[in-house]
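Encoded as structure tokens, the structure appears first; notes follow it.
The values are calculated or read from the model by the stated rules, or taken from the named source; none is laboratory data. On a predicted model such as this, the values are computed, not experimentally measured, just so you know. Please note: Cβ atoms are built from the backbone with ideal geometry, for glycine as well, and neighbour counts cover all protein chains shown. Each accessible area value is taken on the protein alone, full model and side chains, heavy atoms only, with ligands, DNA and RNA left out. Shrake-Rupley method; radii C 1.70, N 1.55, O 1.52, S 1.80 Å.
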Amino acid sequence: MDDKKKALIMVDVQKAFDDKKWGERNNLNAEENISKILQLWRKKGWLVIYIQHTSDNPNSVFHPMNRGFAIKEIVKPIDKEVIITKKVNSSFIGTNLEEYLKVNEISTVVITGLTTPHCVSTTTRMSGNLGFDTYLISDATAAFGLKDQSDRHYGAETIHNVSLATLHDEFATILTTEQLINDFIK
């Protein structure tokens with residue numbers, strides 16, 4: 001695989017997800033895994049793209065004037081790494097992400113970030129639908145517990161695993177950080 005044809009996409013790795021309002025979370029080391037991947041990606045000189053969620057609502061944890069808008073220090077952008085802001089779940093809607101990938105002749109994307117059932121899965125679905133060879137790193141993303149329409153609660157690990165199952169082999173190849181590093185990067 002051509003080294004210049006890959007991009008790492010980090011979706012919404014922002015301080016907003018440290019807010020207690022989200023509740024229980026799985027994969028507490030997701031950011032550490034994202035950081036490991038990022039360091040290797042930088043060493044290879046491959047394309048790094050940050051997706052940053054923004055809100056127009058001043059009360060939102062994602063509003064640019066609020067602390068939660070910031071990208072977490074563990075994966076802080078450097079030099080000329082690209083940051084694309086979005087206002088919806090998909091990193092492709094209302095942004096130049098698709099165009100940017102095509103202009104840079106990217107055919108393969110590796111997706112990490114927060115949260116698995118929302119922006120990560122929506123971005124992964126669209127990436128697959130747009131024809132990119134898409135990889136989602138299972139332990140470099142995380143989920144929070146959720147309630148359904150009947151007020152039944154599902155734990156974070158269940159939400160995460162079901163989200164991954166709906167994406168696997170349909171929209172993306174699901175790998176762990178270790179699998180990515182050992183099988184894909186080398």
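Some values worked out for this structure:
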{"read-out": "Percent antiparallel among DSSP beta bridges (both partners in the chain, rounded to 5)", "value": "15"}
{"read-out": "Note, ³J(HN,Hα) from phi for region 135-141, Karplus 6.51, -1.76, 1.60, rounded to Hz, x at Gly and Pro", "value": "10, 10, 9, 4, 9, 10, 8"}
{"read-out": "Probe 1.4 Å, protein heavy atoms only - accessible area per residue of the chain in square angstrom", "value": "50"}
{"read-out": "Mean separation of Cα contacts under 8 Å (6+ apart) over length of the chain, as relative contact order %", "value": "26"}
{"read-out": "Rg in Å to one decimal, and Dmax rounded to a whole Å, for the chain via C-alpha atoms", "value": "15.6, 48"}
{"read-out": "DSSP-assigned coil residues among trypsin sites (Lys or Arg not before Pro) in region 110-153, each with at most 16 further Cβ atoms within 10 Å", "value": "R152"}
{"read-out": "Exposure ranking of M65, M10 by accessible area [1.4 Å probe, largest first]", "value": "M65, M10"}
{"read-out": "Built amide H within the under 5 Å cut-off of Q14, gap 5+", "value": "K72"}
{"read-out": "Karplus (6.51, -1.76, 1.60) ³J(HN,Hα), θ = phi - 60°, over region 72-88, in Hz, Gly and Pro reported as x", "value": "4, 4, 4, 10, 3, x, 10, 6, 10, 5, 7, 10, 10, 9, 9, 10, 10"}
{"read-out": "Tail weight of P(r) past 15 Å, computed on alpha-carbon pairs of region 102-186, percent", "value": "58"}
{"read-out": "Heavy atoms of T85: accessible area, 1.4 Å probe, square angstrom to 10", "value": "70"}
{"read-out": "Within a Gaussian network of the chain (alpha carbon springs, distance under 10 Å), most fluctuating of G94, G113, G145", "value": "G94"}
{"read-out": "For q = 0.16, 0.17 Å⁻¹, Debye-computed log10 I/I(0) when each Cα of region 47-151 counts as one equal scatterer", "value": "-0.78, -0.88"}
{"read-out": "³J(HN,Hα), Karplus 6.51/-1.76/1.60, whole Hz, each residue of region 113-127, x for Gly, Pro", "value": "x, 10, 9, 3, x, 10, 5, 5, 5, 5, 5, 5, 4, 5, 4"}
{"read-out": "Computed P(r) (all Cα pairs; region 1-80; 10 Å bins; percent)", "value": "17, 44, 29, 10, 1"}
